[in-house]
Amino acid sequence: MPELPEVETIRRDLGPLLVGRTIRCARIHPGAERLAVTDPPRAMEQALAGRRVEALDRHGKYLLAALDDGRTWVLHLRMTGSLVHTTADAPAHRFERARVDLDDGSSLRLNDMRKFGTWHLVDDPADAMPYCGPDALSEAFSVRWLRDALRRRRTSVKAVLLDQQVAAGVGNIYADEACWIAGIDPRTSASRIGPKRAERLHAAVRQTLEESLGDRGSSFSDYRDGLGAEGMHHVKVHVFRREGQPCGRCSRTILKARVAGRGTHFCPGCQRR
Ligand SMILES: [Zn+2]
């Protein structure tokens, strides 16, 4: 699933191509009706047609396209979605679920094998993002915020990092990477993390997200940037999907376990409980 660095890369790619453009027509393909959450597919197509895109923002893993009628088109790519900017006459990808043609002859395509992606059309973007806390790269995601969240919860550190109410945009890849950078075992009870370790974990979250963003994200499976290319960060990760390989810090073998319901990768040598 695309996480914060991947969605932000898409936003940076698509922003200059979409902002100021008017939507000529939108089409949600047969079989992809669940994409449209707030309106029936035909109604959403009609509501998008003729609208100009005023801004393209992001919160966590959501893309927010502000439209000239004051509404916001909120897009979430979920498991396997990708958004690719191309020309209106480009052939459809095998898993194309929707297309949005623009007034300059270009076209935005949503490709999504698993079909879990969502579109909302809302007056207030918050309505499309329930249970979503501060973006993990925003000021609001502060050391104090993370420390308080850890102290309050009776779950693992990994579960706290995956909670979108705590750190919107962090998913399985960057939760594992942040724990390795901070030297914390992801299975540790959150409430046992003291102020020093909370500060280290906060810095680690920021570090892994920013490093991946610098590499245009990680392409472990379906992720593609706004122009259809892979990210470059997946070859640089420390633990994610590296089980059985040596840790780059202490050489112990990286393990994989199920934590917070997700496959979790960590080094038993240098990540402490
Ligand atoms: Zn290690």
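The values are calculated or read from the model by the stated rules, or taken from the named source; none is laboratory data. Not measured: the values here are computed from a predicted model. FYI the Cβ positions are ideal-geometry reconstructions off the backbone, even for glycines, and counts take in every protein chain you see. Note: areas computed on protein heavy atoms with side chains; ligands, DNA, RNA excluded. Shrake-Rupley method; radii C 1.70, N 1.55, O 1.52, S 1.80 Å.
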For this session: Sort out which residues of the range 248-263 are open to solvent by less than 50 Å² (accessible area, probe 1.4 Å), away from the ligand (no atom under 16 Å from the Cβ) and assigned to a strand (DSSP E or B), and write them in order of number.
Result: 259, 263
Seminar exercise, completed: Filtering the range 167-189 down to residues that are buried (at least 23 other Cβ atoms within 10 Å of the Cβ) and more than 16 Å from the ligand (Cβ to nearest atom) yields 167, 168, 169, 170, 173, 174, 175
For this session: Sort through 243, 210 and tell me the only one that's within 16 Å of the ligand (Cβ to nearest atom) and assigned by TED's automatic domain parsing to the domain that holds residue 185.
Result: 243
Problem set entry | Sole exception among (1) assigned to a loop (DSSP other than H, G, I, E, B); (2) more than 22 Å from residue 7 (Cα to Cα); (3) away from the ligand (no atom under 16 Å from the Cβ) for residue 270, by number | (3)
Exercise. So which pairs qualify, if the first residue must be in the range 255-273 and hydroxyl-bearing (Ser, Thr, Tyr), the second must be more than 11 Å from the ligand (Cβ to nearest atom), the Cβ gap must be under 7 Å, and the two must be at least 6 apart or on different chains?
Worked result: 264/158; 264/176; 264/186; 264/256; 264/257; 264/258
Problem set entry | In the range 31-86, residue nearest to the chain's Cα centre (by Cα) [restricted to those that are surrounded by fewer than 21 Cβ atoms within 10 Å (Cβ to Cβ) and among the polar types (S, T, N, Q)] | 80
Problem set entry | Qualifying residues in the range 94-129 (those that are part of a helix (DSSP H, G or I) and touching a strand residue (DSSP E or B) at 6+ places or on another chain (Cβ under 8 Å)) - the one most open to solvent (accessible area, probe 1.4 Å) | 127
Exercise. Residue 235 fails exactly one of the following numbered conditions: (1) more than 16 Å from the ligand (Cβ to nearest atom); (2) farther than 25 Å from residue 135 by Cβ; (3) in contact with a helix residue (DSSP H, G or I) (Cβ under 7 Å, 6 or more places away or on another chain); (4) not polar (S, T, N, Q). What is the number of that condition?
Worked result: (3)
